[in-house]
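The values are calculated or read from the model by the stated rules, or taken from the named source; none is laboratory data. Being a predicted model, the structure only gives us computed values, none of them experimental. Neighbour counts run over all protein chains shown; Cβ positions are idealised from the backbone, glycine included.
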Amino acid sequence: MSRLSRQVQPADAYLAKLTEADWATLAKRDVVVKGGQGQYGLMLATAVPPTAAWAVLTDYSNFYKFLPTVVKSRVVESDGDRTIVEQVDRRRILLTTMESTVLTENLELNGQQISFRLLEGNLEYMYGHWRIDEATADLDSRGYCLISQQVRAEADVGPFKAMFYNLFEASLIDTIKALRAEMERRAASSAL
């Protein structure tokens with residue numbers, strides 16, 4: 001049985017912590033990033049229905065088609081709301097191309113939250129969750145939903161820890177932006 005939490009985090013755990021500046025950032029379609037050094041919270045707004053956002057977040061076997069550094073993705077095992085996913089990630093770091101394979105466990109909760117954890121890979125650990133919340137009046141009435149990710153990760157990289165944190169944070173931002181782009185692309189295609 002999974003060690004992932006089956007508890008859906010309450011929306012106010014996220015939304016009450018947003019400042020006026022954060023809401024302004026979201027309204028400009030920028031990413032709000034909180035934290036650092038392996039512990040991050042990211043959020044962005046998109047004008048797609050929550051069901052459309054959920055469809056992209058759970059399209060595990062097609063991640064390689066729209067996530068910037070994923071070159072291969074496949075579902076290894078699926079049992080109800082629990083899915084094991086293998087991803088191959090390739091990125092250019094300094095003068096070399098690095099490739100890594102990770103195996104994650106993903107637990108889907110109420111069409112609103114996906115808790116995840118690293119099972120195998122080149123990190124010491126990684127865990128967190130994705131969330132979809134309906135936007136409040138702070139963003140206006142255009143039907144926005146908020147996509148957020150909370151993640152903790154650590155790698156044993158010795159003196160390169162600061163570089164790891166910088167690359168990891170940049171990768172998180174690129175990933176959440178790519179997810180929004182895919183959500184909006186699909187929503188536009190279905191509206192035709």
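Return the pair list, or none, for Cβ contacts closer than 7 Å from residues in region 180-192 that are in a helix (DSSP H, G or I) to residues that are among the aromatic types (Phe, Trp, Tyr) and surrounded by 13 or more Cβ atoms within 10 Å (Cβ to Cβ), at least 6 apart or on different chains.
182/66
I'm checking my understanding of the structure. Among residues of region 102-155 that are closer than 20 Å to residue 14 by Cβ and of a type in the set (Asp, Glu), which one is modelled with the highest pLDDT?
By that ranking, first place goes to 108.
Could you list all residues from region 67-121 that are among the hydroxyl-bearing types (Ser, Thr, Tyr) and either surrounded by fewer than 17 Cβ atoms within 10 Å (Cβ to Cβ) or without any contact (Cβ under 8 Å) to a residue 12 or more places away in the chain (or both)?
Those that are among the hydroxyl-bearing types (Ser, Thr, Tyr) and either surrounded by fewer than 17 Cβ atoms within 10 Å (Cβ to Cβ) or without any contact (Cβ under 8 Å) to a residue 12 or more places away in the chain (or both): 78, 96, 97, 100, 101.
I'm told residue 191 meets every condition in (1) loosely packed, with under 15 Cβ neighbours inside 10 Å; (2) in contact with a Cys (Cβ under 7 Å, 6 or more places away or on another chain) except one. Can you identify the failing condition by its number?
(2)
Of all residues in region 163-174, count the ones that are surrounded by fewer than 19 Cβ atoms within 10 Å (Cβ to Cβ) and either hydroxyl-bearing (Ser, Thr, Tyr) or closer than 11 Å to residue 46 by Cβ (or both).
Looking only at that region, the number is 1.
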